[in-house]
Amino acid sequence: MTSRRSFLSTGAAVALGVAHPVLWAQNKEPIRIGILIPLTGATSQFGATMSRAAQIAAEEVNAAGGVNGRRLEVVIEDDQSNPEAAVRAARKLIDVDRVVAIGGSYASSVTSAIAPLCWESKTVLATSSGADSITKLPHQGYVFRTSPTVTLQGTRVGDLGIELGCRKMFFMGPQTPFAQSYIDIISGIFTRAGGAGAGLIYEDKKSSYRSEVDQALRTRPDVIVLGGYVPDTSVVLKALYRAGYDGKRIGFSFGINQKLVEAVPAEVAEGAYSLVPSASVTAGAYKRLVARMKLEALDSYSCQVYDHVMLVALALASAPTAEANGTTVRDHLRGISQSTQAKVVDSAAEGLKLLGAGGRINFDGASGPLDFADNGDVKGVFFRYEQIQKGKLVVTKVA
């Protein structure tokens, strides 16, 4: 990566063992896809693997001949986990790099900030954010979400609390586009089960949350739901530990994860649960991606970014006579990912070959099946439930 962006070249074909370099369409510029991800800041725990997953996807497309004979390039920008920085980066991707789509887009505050830039410029935005409000915006079909919504994640967390025998819930989280939704959704689940729910939204990036913890404990909750990212969640957990709280603690993968386990003393986080959007671990695309990255497992968000690149490339390849732009991607993306009368494929090589021969495909990615509702939300998602046990994250259930 040069500075904060990275271009992929035809050299990727050689690195992948292709006998003869691909001869790209003459006098044609490469097709560019922007990848806007948190390489720094509070949400950066997945940034490095998201970047590499996007690069691998482009390498695979180029090794298979590119998109209609044109080389695919990913341009990677750091959103710094900050909406203002993200807007500047998105404007560069759209105005300077002339990308046909932007993928990645992890934090909901970032996605909410850049979404208007995308639909106004007719640039597709593929996002791994969860806030329900994102696909309620008037995006004219230019937004596709591959991550489960806040409503679904909140429902799963609320159900888990009830399963664990809890009856009084208190939510604690910073101001985000989804904080109040989590309070409403999870409180509703507890109320309908005969219990009660409440919550507070705190100021982000404080060095102490003791007063907020004291306010929460006055309600005598038997479960506290943590809705923050790693930096503030670690501070809240320490305050709960010092206060002697012995109830259940449930969080989300953006706050309770390996980075948090490494950031706090073992006794502070012991027993905490995490809801984790899961990749499609039995899918061929997932297995190949994990092998390429030389990892035992991979988070869903990195898998989603890999799928973002694949979806854009295959959508354009399915319309060889159309202009390579965001509108073409928007109009053809569902046609290559959810056709019930097409061959299911899970690789660029197979998908591009079939499309080149005039066939139809249904691409299933590393993150799972990619069927989208009319509003752009993905329909099929996977979750796993983890608990911190003796300083390690242990999977307790997959559903």
Taking Cα atoms, how many degrees apart are the long axis of helix 108-120 and the longest axis of the chain, rounded to 10 and kept between 0 and 90? 30 degrees
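Could you tell me the calculated FRET efficiency between Asn375 and Glu323, based on Cβ-Cβ distance and R0 = 25 angstrom, to the nearest 0.05? Provide the component values of the computation, followed by the final result.
Numbers: r = 26 Å, r/R0 = 1.02.
Computed FRET efficiency for Asn375 and Glu323 comes out at 0.45.
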Can you list residues from other chains, or at least 5 along the same chain, whose modelled amide H is less than 5 Å from the amide H of Val75? Ile33, Gly34, Ile35
For the chain, built as a Gaussian network whose Cα springs stay under 10 Å, the top-fluctuating residue of Thr40, Thr191, Thr146: Thr191
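What length, rounded to one decimal in nm, is gained on full extension from Gln180 through to Ser208, with 0.36 nm per residue of separation minus their alpha-carbon distance? Could the numbers behind the result be given before it?
Values: separation 28, 0.36 × 28 = 10.08 nm, distance 2.16 nm.
Net length gain for the segment: 7.9 nm.
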Run the simple label-point estimate for Leu137 and Val344 please: 7 Å along Cα→C-beta, distance reported in nm. 3.3 nm
Cα coordinate range in the stretch 242-350, projected on the principal axes (Å, largest first): 65, 28, 24
In the chain, if the dipole is taken from +1 on Lys/Arg beta carbons and -1 on Asp/Glu beta carbons about the Cα centre, which of Tyr306, Ser280, Gln175 is farthest to the positive end? Ser280
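Starting from the alpha-carbon convex hull of the chain, give the projected area averaged over all orientations, in nm². Could you put the intermediate results ahead of the total?
Details: hull surface 76.3 nm².
For the chain, the mean projected area of the Cα convex hull comes to 19.1 nm².
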Cα gyration tensor shape for the stretch 143-222, rounded if a/c is under 1.5, else prolate or oblate: oblate
Whenever you get a sec, compute what percent of the accessible area on the chain sits on carbon and sulfur atoms (1.4 Å probe). 50 percent
Mind checking the dipole of the stretch 75-232: about its Cα centre, +1 per Lys or Arg Cβ, -1 per Asp or Glu Cβ, Debye to the nearest 20? 280 debye
Give the separation of the Cα centroids, the stretch 360-392 to the stretch 151-176, in Å. 20 Å
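Using a Förster radius of 56 Å, what is the FRET efficiency between Glu267 and Ala357 based on their Cβ-Cβ separation? Nearest 0.05, please.
Once rounded, the FRET efficiency stands at 0.40.
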Connecting C-alpha atoms closer than 10 Å in a GNM of the chain, tell me which of Ser112, Ser211, Ser181 has the biggest fluctuation. Ser211
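Equivalent-ellipsoid semi-axes (√(5λ), Cα gyration tensor) for the stretch 46-109, whole Å, largest first?
Details: eigenvalues 112, 44, 11 Å².
Equivalent ellipsoid of the stretch 46-109: 24, 15, 7 Å, largest first.
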Mark the label point 7 Å from the Cα of Lys392 along Cα→Cβ and return the residues of the stretch 280-301 whose backbone N is within less than 19 Å of it. 295-299
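For the chain, what is the relative contact order in percent, using Cα pairs closer than 8 Å and at least 6 residues apart in sequence? Provide the component values of the computation, followed by the final result.
Working: 853 pairs, mean separation 65.2, N = 399.
Relative contact order, the chain: 16 percent.
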Residues of the stretch 207-247 with the amide nitrogen closer than 20 Å to a label point 7 Å from the Cα of Arg192, along Cα-to-Cβ, please. 223, 225
What nm value, rounded to one decimal, do you get for the distance between Arg242 and Gln258 when each label is placed 7 Å out toward the C-beta? 3.0 nm
Could you give the accessible area per residue of the chain, probe 1.4 Å, as a whole number in Å²? 40 Å²
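About the Cα centre of the chain, how large is the charge dipole given +1 on each Lys and Arg Cβ and -1 on each Asp and Glu Cβ? Please answer in debye to the nearest 20. Mind showing how you got there, number by number?
Details: 42 positive and 37 negative charges, 58 e Å.
The calculated dipole for the chain is roughly 280 debye.
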Pick from Tyr241, Tyr106, Tyr182: which is most flexible by mean-square fluctuation in a GNM of the chain where alpha carbon atoms under 10 Å apart are linked? Tyr241
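Given 0.36 nm per residue, what is the gain on full extension from Arg218 to Arg88 after removing their alpha carbon distance, in nm?
On the way: separation 130, 0.36 × 130 = 46.80 nm, distance 4.29 nm.
Here the segment from Arg218 to Arg88 would lengthen by 42.5 nm.
The values are calculated or read from the model by the stated rules, or taken from the named source; none is laboratory data. Since the model is a prediction, treat every value here as computed from it, not as a measurement. Here Cβ is always computed from backbone atoms with ideal geometry, including for glycine, and neighbour counts include all displayed protein chains. Areas reflect the complete protein model, heavy atoms only, side chains present, ligands, DNA and RNA absent. Shrake-Rupley method; radii C 1.70, N 1.55, O 1.52, S 1.80 Å.
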